[in-house]
1. If the chain between residue 44 and residue 145 were fully stretched, how many nm would it gain, using 0.36 nm times the residue separation less the Cα-Cα distance?
2. Among the DSSP beta bridges whose two residues both lie in segment 33-158, what percent are antiparallel, rounded to the nearest 5?
3. In whole Å, how far is the Cα centre of segment 61-86 from that of segment 19-35?
4. Could you sort 213-223, 20-30 so that the peptide with the highest average Cβ count within 10 Å comes first and the rest follow in order?
5. Picking from 36, 144, 88, which is most flexible by a Gaussian network model of the chain using Cα springs under 10 Å?
6. I'd like to compare 95-104, 132-141, 202-211: which one has the highest average count of other Cβ atoms within 10 Å, and what's the full order after that?
7. Give the calculated FRET efficiency between residue 73 and residue 252 to the nearest 0.05, with a Förster radius of 25 Å applied to their Cβ-Cβ distance.
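Nothing in this text is a laboratory measurement; each read-out follows from the coordinates by a stated rule. Since the model is a prediction, treat every value here as computed from it, not as a measurement. Cβ atoms come from the backbone with ideal geometry, glycine included; neighbour counts cover every protein chain shown.
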């Protein structure tokens, strides 16, 4: 089953990094967050990736073009007046990676529509290139295959950030308690499994996948949620980037299972 990764947006909320690279190529733990997401899927045996690139897409292509070389010991031999190169020890994941330029200003639905020729007529997975999660992807796929609907998204609880107030009609605070995760609302964390029929719900480049297509799926009973109670975190700003970096540094990064 192929894995589609959305990696073409501008990342304006973390512009201090994205001025020079696409947001999915921002490094945490010395590797792009895109690499971390791919390692998650690879851990569960999914190694065929389609990357929907856009903003500074050449950087994504160059990184993968150099990946094998950068993970190898190499001898460069110029003694014969030629650029002879010998590869020694190397380690690379068994990945097949297709990088597609899906346009600079294309919306999420449009990016998905553009990679239809590379997916073909088969069920595929899709997620965003800026969030890591410790969801069991094999169980997610099993759940999708079990319900027979067109689409599954992974739902996580967004933890409430403030204390909880019970306010009466007279504006008096009747009770107060600290927040907990059960106070939050479930949100779409990505990590979707999609039928190829979803391509028919996308009109073109201006379609936002999270609007008309997902709304149609929900209204017609074709969208299911796989509830994940573990870790999920997107990287929308510098604070979140630093938080993910700290988790890696301290050895407490839940998504790193490999």
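1. Numbers: separation 101, 0.36 × 101 = 36.36 nm, distance 1.62 nm.
This chain segment gains 34.7 nm when fully extended.
2. Looking only at bridges with both residues in segment 33-158, the antiparallel portion is about 45 percent.
3. 23
4. So the order, starting with the most tightly packed, is 20-30, 213-223.
5. Looking only at 36, 144, 88, the biggest GNM fluctuation is shown by 88.
6. So the order, starting with the most tightly packed, is 132-141, 95-104, 202-211.
7. That pair, residue 73 with residue 252, gives E of 0.20.
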